[in-house]
Amino acid sequence: MMSINKLLVIVNSLANLIDDLTGDDFDMQGLAQFQTLLKGA
């Protein structure tokens, strides 16, 4: 079973990887919202 700490590390890594993605304005707005959701802000 995966620990909460490991899951948080994975979620934070995914949120940080979003910064490396590119796309049109619509895609980037969606990715920014997804990143905010992942970071819990």
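The values are calculated or read from the model by the stated rules, or taken from the named source; none is laboratory data. Just so we're clear, the structure is a prediction, and the values are computed from it rather than from any experiment. Using ideal geometry, Cβ is built from the backbone for each residue, glycine included, and neighbour counts are taken over all protein chains shown. These accessible areas exclude ligands, DNA and RNA; they are computed on the full protein's heavy atoms, side chains included. Shrake-Rupley method; radii C 1.70, N 1.55, O 1.52, S 1.80 Å.
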Open item on the list: Suppose only helical runs count, i.e. DSSP H with n ≥ 4. What mean residue ellipticity at 222 nm does that imply for the chain under -39500 (n - 2.57) per run, divided by all residues and rounded to the nearest 500 deg cm²/dmol?
Closed with: -23000 deg cm²/dmol
Open item on the list: I'm spelling it out carefully: the read-out is Cα extents along the principal axes in Å, the candidates are (i) 38, 18, 13; (ii) 49, 30, 13; (iii) 42, 30, 19, and one was derived from this structure. Which label?
Closed with: (i)
Task: Mean accessible surface per residue for the chain, computed with a 1.4 Å probe while every protein chain stays in place, in Å² - done: 87
Task: Carbon plus sulfur fraction of accessible area for the chain, probe 1.4 Å, in percent - done: 62
- [ ] Using only Cα atoms, find the angle between the long axis of helix 4-17 and the longest principal axis of the chain, and express it within 0 to 90 degrees, rounded to the nearest 10.
- [x] 20
TODO: From largest accessible area down, sort Thr22, Thr36; use a 1.4 Å probe on the protein chains.
DONE: Thr22, Thr36
- [ ] Quickly work out the Ile10-to-Asp27 label distance, labels modelled 7 Å from Cα along the C-beta direction, and quote it in nm with one decimal.
- [x] 2.5
TODO: Using only Cα atoms, find the angle between the long axis of helix 25-39 and the longest principal axis of the chain, and express it within 0 to 90 degrees, rounded to the nearest 10.
DONE: 20
